[in-house]
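Report on the structure given below.
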Amino acid sequence: MSQPSKKSPSKGLRRGRRKPNYRHQLQVEAPLASESRFYGQGLPGVNTETLTGKLIVLEGADGSGRSTQIRKLVDWLEGSGHAAVQVGIKRSTLVSEELERAQEGNILSHTTMSLFYATDFADQLENIIIPSLSAGFIVIADRYIYTLMARDWVRGMNRQWVTNLYGMALIPDAVFYLNVSPTQLIQRNLSKNKTLDYWESGMDVGLSRDIFDSFVEYQKRMKKAFMSMQRTYRFQVIDGEQSSDAVYDELIRGVNQAIFGA
């Protein structure tokens, strides 16, 4: 059995939402609509009235087709004359390298790993996401706090503690989750790599000594966590087992509505 691997501002953006004017338009709502644009206290000193850009989030497990769809989405946006910026998990210049090195030893406690990821997110929020939105850019997030929260919950972290931890996060303009079954995910991952990732298989959770069994069970639990979040955070679930073109068409309709309200 294989061993586990260690591993120019856009113009004309309209803030108002209008009902779609054609029959098959997706209905996308900002999660937890409130007077604040943050889930909790947010970041101090941020004037949300100046955030004229849009924040679009694409969620999904490794192998869900998330990266492919983001590339196509960015190409479409830039081809339409909109400046796009990408952010994602473990991309902070502050802690990403340290987090990568720490994970190589497979010795991180759940709390330490959670705080590492929260720091990674907060750094990108303050130094990339908010400045880009202030400049009118469209920010595309390759996963957001929902993946981080789901991971923590699956690892037994206190739900309220985790929710409070990410109270700094901005409420996105639209969130899409690519839903793919664990068995399909395992096939897609093995078609690209010789083995499965230690952390994405949940080997640190102690679900099984067999990495394949652990992967399936871990991804089942992650999917359950996402489904439990859907009503609260109001994200759009897209069938990720459709053809890539079908997923893209559905995604573009939703993004169009989030950006233009039509």
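The values are calculated or read from the model by the stated rules, or taken from the named source; none is laboratory data. Just so you know, these numbers come straight off a predicted model, no measurement behind them. Methodologically, a virtual Cβ is constructed for each residue, glycine included, from the backbone with ideal geometry; neighbour enumeration extends over all protein chains shown.
Specify the residue that is nearest to the chain's Cα centre (by Cα); the eligible residues are those in the range 90-121 that are buried (at least 19 other Cβ atoms within 10 Å of the Cβ) and among the small types (Gly, Ala, Ser).
Ala118
Of the residues Ala61, Ala118, only one is assigned to a loop (DSSP other than H, G, I, E, B), modelled with pLDDT of 95 or more and touching a helix residue (DSSP H, G or I) at 6+ places or on another chain (Cβ under 6 Å); which?
On inspection, the qualifying residue turns out to be Ala61.
When you scan the range 167-220, how many residues do you find that are among the hydroxyl-bearing types (Ser, Thr, Tyr), in a loop (DSSP other than H, G, I, E, B) and over 19 Å from the mean Cα position of the chain (by Cα)? Give the steps one after another, and end with the answer.
So in the range 167-220, the residues among the hydroxyl-bearing types (Ser, Thr, Tyr) come out as 177, 181, 183, 191, 195, 198, 201, 208, 214, 218.
Of the ones still in play, those that are also in a loop (DSSP other than H, G, I, E, B) are 181, 195, 198, 201, 208.
Filter once more, keeping what is over 19 Å from the mean Cα position of the chain (by Cα): 195, 198, 208.
Number of matching residues: 3.
Residues of the range 138-178 being surrounded by fewer than 18 Cβ atoms within 10 Å (Cβ to Cβ) and either in contact with a Ser or Thr (Cβ under 7 Å, 6 or more places away or on another chain) or within 17 Å of Gly60 (Cα to Cα) (or both), which ones? Steps first, answer last, please.
Initially, the range 138-178 is screened for residues surrounded by fewer than 18 Cβ atoms within 10 Å (Cβ to Cβ), giving 156-161, 163-164, 167.
Residue satisfying the conditions is Met157 alone.
Which condition number does Ser80 fail, the rest of (1) surrounded by fewer than 18 Cβ atoms within 10 Å (Cβ to Cβ); (2) of a type outside the set (A, V, I, L, M); (3) within 21 Å of Asn127 (Cβ to Cβ) being met?
That leaves (3) as the condition not met.
When residues of the range 220-260 are filtered for being among the small types (Gly, Ala, Ser) and surrounded by fewer than 16 Cβ atoms within 10 Å (Cβ to Cβ), how many remain? Give the derivation first.
Here is the first cut: in the range 220-260, the residues among the small types (Gly, Ala, Ser) are 225, 228, 240, 243-244, 246, 254, 258.
Now restrict to residues that are surrounded by fewer than 16 Cβ atoms within 10 Å (Cβ to Cβ): 228, 243-244, 246.
Total meeting the criteria: 4.
Can you find, within the range 72-109, the residue that is farthest from Pro172 (Cα to Cα) among those that are among the polar types (S, T, N, Q) and assigned to a loop (DSSP other than H, G, I, E, B)? Break it down into steps so the answer makes sense when it comes.
Of the range 72-109, the ones among the polar types (S, T, N, Q) are 80, 86, 92-93, 96, 103, 106, 109.
Then keep just the ones that are assigned to a loop (DSSP other than H, G, I, E, B); that gives 80, 92-93, 106, 109.
Numbers: Ser80: 21, Ser92: 19, Thr93: 23, Asn106: 32, Ser109: 30 Å.
Filtering the range 72-109 for residues that are among the polar types (S, T, N, Q) and assigned to a loop (DSSP other than H, G, I, E, B), the one farthest from Pro172 (Cα to Cα) comes out as Asn106.
Can you tell me which of (1) closer than 14 Å to Leu178 by Cα; (2) out of contact with any helix residue (DSSP H, G or I) (no Cβ under 8 Å at 6 or more places or on another chain) is the one Ile259 doesn't meet?
Every listed condition holds for Ile259 apart from (1).
Among what's in the range 196-219 and is acidic (Asp, Glu) and closer than 15 Å to Trp153 by Cα, pick the residue that is surrounded by the most Cβ atoms within 10 Å (Cβ to Cβ). Lay out the reasoning, then the answer.
Taking the range 196-219 and keeping what is acidic (Asp, Glu), we get 197, 200, 204, 210, 213, 217.
From what is left, the residues that are closer than 15 Å to Trp153 by Cα are 200, 204, 217.
Numbers: Glu200: 21, Asp204: 18, Glu217: 18.
Only one residue tops the list, namely Glu200.
Hey, any hits in the range 217-224 for a residue that's of a type in the set (S, T, N, Q), out of contact with any strand residue (DSSP E or B) (no Cβ under 9 Å at 6 or more places or on another chain) and within 24 Å of Met149 (Cβ to Cβ)?
Checked the range 217-224: at least one residue is of a type in the set (S, T, N, Q), out of contact with any strand residue (DSSP E or B) (no Cβ under 9 Å at 6 or more places or on another chain) and within 24 Å of Met149 (Cβ to Cβ).
Among Leu32, Leu43, which is the only one that is of a type outside the set (Val, Ile, Thr), modelled with pLDDT under 50 and either part of a loop (DSSP other than H, G, I, E, B) or touching a Leu at 6+ places or on another chain (Cβ under 9 Å) (or both)?
The unique qualifying residue is Leu32.
Restricting attention to the range 67-111, which residues are of a type in the set (Lys, Arg) and at pLDDT below 95? Working first, answer last.
Here is the first cut: in the range 67-111, the ones of a type in the set (Lys, Arg) are 71-72, 90-91, 101.
Hits for the range 67-111 are Lys90, Arg91, Arg101.
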